[in-house]
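Below you'll find the structure, written out as structure tokens, and then a few comments.
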Amino acid sequence: MAEQRSSQWYAGTDRNAYIHRAWMRRGLPSHAFDGRPHIAIANTASDLTPCNAHFTEVAESVKQGVYEAGGIPLNLPVVSLGETLVRPTAMLWRNMAAMATEELLRANPIDGVVLLGGCDKTIPALLMAAASVDLPAVVLPGGPMLTGTFRGQALGCGTDVWRLSEEVRAGKLSEAQFLKSESSMIRSRGHCNTMGTASTMALVAEALGTTMPGIAGTPAADSRLLEGAHETGRLAVEMVAEGRRPSNLLTRGSFLNAIVALAAVGGSTNAVVHLLAIAGRLGVELTQDDFDRTGSGIGLLVDLQPAGRFLMEDFHRAGGLLAVLAEVRDLLDPTALTVTGKPLVDYLDDAAIWDREVIRVRAEPLQANAGIAVLYGNLAPGGAVVKPAAASPELLNHRGRALVFDSIEDMHARIDDPELDVDADSVLVLRGCGPKGYPGMPEVANLPLPAKLLRHGVRDMVRICDGRMSGTAYGTVVLHVSPEAAAGGPLALVRTGDFIILDVAARRLDIDIPAEELAARTPSAASVDAYANPSRGWERLYVQTVQQANTGADLDFLMGSSGHQVSRESH
Ligand code: FES
């Protein structure tokens, strides 16, 4: 048996090896220390991350697989982020979760790791950590929830919350009915069942090659998830034996494959910042423009909310990601490997679409050219992102008068004011929501429409923001504007009444004022005042070192890798 990393702790007859073994002998027999691989299960289970609350059972199946393959499984609880509960936004803590997990993996006697994630930030944080510690690592996505129904109709969690709350504000649904839908929204264990960020990141992780092929999207309540968990445990042991690490599996081609998948499934814009951050940990060359170049011409092949009708349970039944990738096989890098050691494309031969309503053939996309577009202009010199699949086609080329909000609080205070000077052609601008400005870049870019316009039937307007948008949301929303207002971006210079030009076909986002006038402006006092400057703790470290969205919003000192070596002992 090849020497394991964990043997650096357990092998030998000296005092330290004695200590390491003795304290682990609570159920572990002597042969656990004979050089067999020790596999951590980086487990984001938490009662406060309800989407991941079932992971204890899933981890048990992983353990069985690890044991069966001759390894020793070890549960390793890591930082868990519940998207719906964590304030001020889970994104503020993604880098902290990644940093803490990386350090835990490096500090402990483990040889490989199963990354058990689900809710939005958990898979990205785990992958960032694994990339920087560079131990054999396989992602096990915890799976989406089953479809709930309300008044005979399927409910897409997230997407239908936005829709129903707008219906209430428009006077089309009573508050009592709205509240009644609450108990139908979450039918089972698992993460959001729309093509939101959690579903997207699970599928993207599979397209990257970091999961067992075919497992992403398996519903959390489906017995096949536990079977897959067992197999993932076995695979982790094999990966250690074969030395399959992120640094020798993940190439630029792997990331471009993930971008193809992201476009074809109409995935969340959040995948842009997460994939850039993971690539940054590996030193893989990847830019925001790669998302446009590689993905924007790809048709939307999946009819899932928020862009379409169906939900993840339907997607899985219809054939899942492999069926989608088989449709775009010629666009994939055939050399990109998966955690099994075989190329991703090898798994597409038997993939089939079982329901052509849910997964479309390439010749009949739900929308053409639906991938993420990256815009530049005097309002976004570092770029901004828009997802045409979630937008109103008639607004993708638009000139309108800006209505500016300096902060989320400013927006809440004024958006429903009957006197608000706004019409359907206005462009709603929300700033102070970037990585530094909020801090943490919350999902607020799809700001609500003014109630008085909702009552007149307006259902979409152009919105521009330096924050992010929930993957479950929809609308003509230009987001991730870089640099953000708090970092001195021109978004801080816009004034209510300026005309803004959005031209997605030309990839432009501009304020329609002369360059000299723009250069002479100073940032609005209110937007400067709204800038957070925390005095201590994680927020201070974050604000001082976070990068802009166009490179993944990682901390500057966390980009790159430190590997898994630890030279010093603790005793
Ligand atoms: Fe956890 Fe949506 S809230 S995935």
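Subtracting the Cα-Cα distance from 0.36 nm times the residue separation, let me have the gained length for Lys342 to Glu182 in nm, one decimal. Before the final figure, lay out the partial values.
Values: separation 160, 0.36 × 160 = 57.60 nm, distance 4.40 nm.
Residue separation times 0.36 nm, minus the Cα-Cα distance, leaves 53.2 nm.
Taking a ≥ b ≥ c as the square roots of the eigenvalues of the alpha carbon gyration tensor, the chain is prolate, as a/c is not under 1.5 and a/b beats b/c. With a cut-off of 13 Å on the backbone N, the residues of the stretch 103-121 near the modelled label site 7 Å out from Ser570 along Cα-Cβ are 104-110.
Spin-label model, Gln153 to Asn533: label points 7 Å out along the Cα-to-beta-carbon direction sit 4.9 nm apart. As a calculated quantity, the FRET efficiency between Ala515 and Ile19 at R0 = 51 Å, using C-beta atoms, amounts to about 0.15.
Less than 5 angstrom separates the built amide H of Leu304 from those of Arg309, Phe310, all sequence-distant by 5 or more or on a different chain. Taking a straight line from the alpha carbon of Lys452, these lysines sit under 24 Å away, with near neighbours fewer than eight places off in the same chain left out: Lys172. Cα gyration tensor of the stretch 466-549, axes a ≥ b ≥ c as square roots of the eigenvalues: rounded (a/c below 1.5), prolate (a/b > b/c) or oblate? Oblate shape, in that a/c is at least 1.5 and b/c is the bigger or equal ratio. Toward the positive end of the charge dipole of the stretch 476-530, with +1 on the Cβ of Lys and Arg and -1 on the Cβ of Asp and Glu, the farthest Cα among Ala519, Ala487, Phe499 is that of Ala487.
For the chain, the carbon plus sulfur part of the accessible surface works out to 51%, probe radius 1.4 Å.
I'd like the distance separating the alpha-carbon centroids of the stretch 209-223 and the stretch 254-295, in whole Å. Between the Cα centre of the stretch 209-223 and that of the stretch 254-295, the gap is 20 Å.
Here the dipole of the stretch 374-423 is about 460 debye; that uses its Cα centre as origin and unit charges on the Cβ of Lys and Arg (positive) and Asp and Glu (negative).
In a reduced charge model with +1 at each Lys and Arg Cβ and -1 at each Asp and Glu Cβ, the chain shows a dipole moment near 900 debye about its Cα centre. Beta-bridge orientation, the stretch 349-436: approximately 50 percent antiparallel, per DSSP, counting only bridges with both partners inside.
Considering only Asn270, Pro77, Phe33, the residue lying farthest towards the positive end of the dipole of the chain is Phe33, judged by Cα position with unit charges set on Cβ. Projecting each Cα onto the charge dipole of the chain (Lys/Arg +1, Asp/Glu -1 at the beta carbon, about the Cα centre), which of Pro124, Leu332, Tyr438 comes out farthest on the positive side? Working it through, the farthest residue towards the positive pole turns out to be Pro124.
Over 26 Å apart at the Cα level, from the set Lys342/Lys387; Lys387/Lys436; Lys180/Lys436; Lys121/Lys342, are Lys342/Lys387; Lys180/Lys436; Lys121/Lys342. Residues whose amide H comes within less than 5 Å of that of Asp498, counting only those at least five positions distant or on another chain, are Ala402 (H built at 1.01 Å from N in the peptide plane).
In plain terms, the chain from Thr522 to Arg455 could stretch by 20.5 nm, reckoned as 0.36 nm per residue minus the Cα-Cα distance. Let me make sure I get this right: for the stretch 247-287, a, b and c are the square roots of the gyration tensor eigenvalues over alpha carbons, sorted descending. Under 1.5 in a/c it's rounded, otherwise prolate if a/b > b/c, else oblate. Which is it? It comes out oblate by the Cα gyration axes. Round to the nearest 0.05 the FRET efficiency obtained for Glu3 and Asp355 when R0 = 35 Å and r is the Cβ-Cβ distance. After rounding, the FRET efficiency stands at 0.10. Surface exposure of the chain, expressed per residue as accessible area with a 1.4 Å probe, stands at 38 Å². Given R0 = 25 Å, the distance between the Cβ atoms of Arg224 and Asn108 translates into a calculated FRET efficiency of 0.25. Taken about its Cα centre, the stretch 1-94 carries a charge dipole of about 300 debye when Lys and Arg each add +1 at the Cβ and Asp and Glu each add -1 at the Cβ. Looking at the chain alone, DSSP beta bridges between its own residues are antiparallel in about 45 percent of cases.
The values are calculated or read from the model by the stated rules, or taken from the named source; none is laboratory data. From a predicted model like this one, the values you see are computed outputs, not experimental measurements. Every residue, glycine among them, receives a Cβ derived from its backbone with ideal geometry; neighbour counts consider all protein chains shown. Please note that ligands, DNA and RNA were not included when accessible areas were found on the heavy atoms of the full protein model with its side chains. Shrake-Rupley method; radii C 1.70, N 1.55, O 1.52, S 1.80 Å.
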